[in-house]
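Encoded as structure tokens, the structure appears first; notes follow it.
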Amino acid sequence: MQVLVTGSSGLIGSAAVRHWDAAGADVVGIDNDMRQVFFGPQGSTRWNLERLLSDTRRFKHIAVDICDRERVNDLFSKHSFDLVIHCAAQPSHDKAKEIPLLDFDVNAGGTINLLEATRQHCEEAVFCHMSTNKVYGDAPNELPLVELETRWDYANEEDYSGVSEDCRIDQTTHSLFGASKAAADLTAQEYGRYFGMNVGVFRGGCLTGASHSGVELHGFLSYLVHVAVHKKPYTIFGYKGKQVRDQIESSDVVAAFEAFYGKPRPGEVYNIGGGRQNAASVLECIRMIEQVSGEEIAHSYSETNRVGDHICYISDLGKLKSHYPDWKITHSLEDIIVQMVETERTKLAGA
């Protein structure tokens, strides 16, 4: 079995590399550490690449820019991929406003380069596209909410499970990142629906785990653990710190990819996140990290929320679970935080 993973040094990409390498597949990973370009040295994934190279058996890394159509096509012409896991992206909606052209080139252009190369060279392959809940823009904020002591929550019982795939993606404020990812999301769907290819679209909530190189502009939970361990200040942006996110550990995302690979549904879209069970507000996450780490997080508050930000976002996992009933969340939020604190302390000790 031959597997291609884009963004292979990142959070989800590296988890996919480890999973299929352990299963005995020939895994090719393409990653040119654009996170360092986007976010500076702290965002670099080089440390994770070095770990992958030492821990895996059949993994081959190639520094390819997915925007380079000729090199992408050349790579596909030399391999017969059975599975493509597409995780490479510019991931920050705040950063996108500073680099709108590069953001669109990577997120939309890079995605169609990969889809078309798949169609030309390995049309039967399964293609898992890592999308984002930001394709919904701020439409989820239209759901009636109730303010509780430490979080916002849905006011109506019918919304308890969270945002479903039926939420509209147009006529909302996305940020430019959300718009470029929506273009990629729709394009991936079209390759599945129009060409009948085995393309699945996974709209992630807060994807996290110990391999995350979180920064202030992207990777909320990872960055929050980082500032706790390194005793740095943290700024909460708007909504009283009561904005809610559902956290999912990277290996649970990869398990969903594996389920889709076993029974692909062309052009299908799935929300994927931690769901109600792993949902917590910024204030609640701060409290949990302080309890786990024993460190007090010095945080300040800015009244200005991020443009297009969700007030309360919980992924409704009903569709994914109905199509793949053996898939489930295996890592609790507390488990994730414990692992992340341990990893961050190990990195600090080795610095």
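The values are calculated or read from the model by the stated rules, or taken from the named source; none is laboratory data. All figures in this text were calculated on a predicted structure; none of them were measured in a lab. Every residue, glycine among them, receives a Cβ derived from its backbone with ideal geometry; neighbour counts consider all protein chains shown.
Miscellaneous remarks
- Ile337 vs. criteria modelled with pLDDT of 95 or more and part of a loop (DSSP other than H, G, I, E, B): no
- Of everything in the range 234-285 that is more than 15 Å from the chain's Cα centre (by Cα) and among the aromatic types (Phe, Trp, Tyr), the residue that is farthest from Ala15 (Cα to Cα) is Tyr239.
- Residue within the range 95-112 that is closer than 25 Å to Val282 by Cβ, surrounded by 17 or more Cβ atoms within 10 Å (Cβ to Cβ) and modelled with pLDDT under 95 present: yes
- Pick from the range 297-337, criterion closer than 17 Å to Leu221 by Cβ and more than 20 Å from the chain's Cα centre (by Cα), ranking: surrounded by the fewest Cβ atoms within 10 Å (Cβ to Cβ): His299
- Val64 being closer than 17 Å to Phe257 by Cβ and not hydroxyl-bearing (Ser, Thr, Tyr): no
- Scanning the range 74-86 for residues that are outside any loop (DSSP other than H, G, I, E, B), farther than 13 Å from Ile30 by Cα and in contact with a strand residue (DSSP E or B) (Cβ under 6 Å, 6 or more places away or on another chain) turns up just one, Leu83.
- 3 or more residues of a type in the set (Gly, Ala, Ser) and under 25 Å from Glu216 (Cα atoms): qualifying helices (runs of 4 or more DSSP H) within the range 1-73: 11-22
- Check on His212, in contact with a His (Cβ under 8 Å, 6 or more places away or on another chain), in a loop (DSSP other than H, G, I, E, B) and either without any contact (Cβ under 8 Å) to a residue 40 or more places away in the chain or surrounded by 19 or more Cβ atoms within 10 Å (Cβ to Cβ) (or both): no
- Subset of the range 248-273 [farther than 16 Å from Lys319 by Cα and out of contact with any His (no Cβ under 9 Å at 6 or more places or on another chain)]: Tyr261, Gly262
- So Val292, is it touching a helix residue (DSSP H, G or I) at 6+ places or on another chain (Cβ under 9 Å), modelled with pLDDT of 95 or more and assigned to a helix (DSSP H, G or I): yes
- Between Tyr160, Tyr154, the distinction of being crowded, with 16+ Cβ neighbours inside 10 Å and more than 18 Å from the chain's Cα centre (by Cα) belongs to Tyr154 only.
- Whichever residue in the range 163-202 is of a type in the set (D, E, K, R) and buried (at least 17 other Cβ atoms within 10 Å of the Cβ) and, among such residues, is nearest to Gln277 (Cα to Cα): Glu165
- Residue match in the range 41-59 (condition: at pLDDT 95 or above and closer than 23 Å to His174 by Cα): no
- Checking Arg69, Arg57 one by one, the residue that is of a type in the set (Lys, Arg) and either surrounded by 14 or more Cβ atoms within 10 Å (Cβ to Cβ) or within 26 Å of Asp246 (Cβ to Cβ) (or both) is Arg69 and no other.
- Residue in the range 323-333 that is on the phi > 0 side of the Ramachandran plot, of a type in the set (Gly, Ala, Ser) and not in a strand (DSSP E or B) present: no
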